[in-house]
1. Which aspartates and glutamates have a Cα lying under 13 Å from the Cα of LYS126, excluding residues fewer than 8 positions away in the same chain?
2. Multiplying the sequence separation of THR328 and GLU301 by 0.36 nm and subtracting their Cα-Cα distance, what value in nm do you get?
3. Taking a cut-off of 14 Å, what percent of all Cα-Cα pairs in the range 105-160 are separated by more than that?
4. Sort 139-148, 179-188 by the packing proxy (mean of other Cβ within 10 Å over each peptide's residues), most packed first.
5. Between the range 261-285 and the range 101-171, how far is it from one alpha carbon centroid to the other, in angstrom?
6. Calculate the FRET efficiency for GLN245 and ALA221 from the Cβ-Cβ distance with a Förster distance of 56 Å, rounded to the nearest 0.05.
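Every number in this text was worked out from the coordinates using simple rules, so none of it is lab data. If you're wondering where the values come from, they're calculated on a predicted model, not measured in any experiment. Cβ placement follows ideal geometry from the backbone for every residue including glycine, while neighbour counts extend to all protein chains displayed.
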Amino acid sequence: MSPSVLGNVVKQQVAKEKGTSKVGAISRRSSRLVTGLASHRSRVRSHICGKTQRGSNLITDNRCRLKVQQTGGQSGGTMDLPLTDGIFCGPSPLVMHVPHSSTVIPDEVRADLLLDDSELDLELKKMTDWYTDDLANIALDRAGLNARTVENQFSRLVVDPERFIGDEEPMAAIGMGPVYHSTSDLSPLRLPDPIRDGALIDQYFRPYARMFTKVVDGVLADCGRAIIVDLHSFPTKPLPYELDQHALRPGICIGTDPFHTPDSIVAMAIESFAGLPGGIALNTPFAGTYVPLKHLGRTPEVTSVMIEIRRNLYQEEPGGPRHDGLMTVASGLIKFLSRVVWFGA
Ligand SMILES: [Zn+2]
């Protein structure tokens, strides 16, 4: 990367060593994986412009977008996506990942949370990556790009699909592994219950991981490579659960993995988001990016980068309405996605 490309980027390669693991997401040392959702409502969408849609389970709008809704039918967390070879034949290597935009919590999961309704509302305001689903859709539509988009249809308070299971997950030490036991201010969210946690993992986390892996495998089969763009946002002021309360909080945080994030992709992100308020930095306040475990550290054809947007660039905080800055952020995302699809990896 040339100095001119770096621009106002503040490079913090040591972020991980300083303990700035991304909450929620992938990364700390490297990638992570996906998993997730699925049981009833994880959704995979294909943006396939200029293609003839096939298949009775496809819903089309008038702009060439195809959607597939994953619906019910799961048993014991073994549900597979209704992806059929040949239906999603778009040549795009792009996989958009939107894991934290939903506020949906099923009733049976809600009943187990130790918050009253107003407390839960505030927690969702603080922990949800608001409007990242809109940003992904706006950018793909306006860029006219084919892509597969994996959107978590449930809140991260159900399970967080970007955490590791077991001792690999550093956030588990503060009660924020795949099934959160703590709120963002480290108050109790759930009572300890390993059996319940296991059931949530089986019902939501593992199916999501399988789904994401299947999507990536499909893209690899179609294109010979896959480019995962893991889209998040973070609050302007650190929440108490964050491991590093003093980490730099730029306008755009680019999360990287040493094996799966080539410098060329980082340079494209820096060029695309240049000029946004707050500048750009790598791996701060959160680090890493999501990669399915099957491919983590093994499949160089799977590229991944995390894009984290500081929320005051596009909305009132916490959890308030979007403002005009959202389209400025979207413009940067349009440039970035276009670059990675046409010139990337
Ligand atoms: Zn997130």
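1. The reachable aspartates and glutamates, counting only those whose Cα sits under 13 Å from LYS126, are ASP185, GLU242, GLU316, GLU317.
2. Length difference between fully extended and current span is 6.6 nm.
3. 64
4. Descending mean neighbour count gives 139-148, 179-188.
5. If you average the Cα positions of each part, the centres end up 23 Å apart.
6. The computed FRET efficiency comes out at 0.80.
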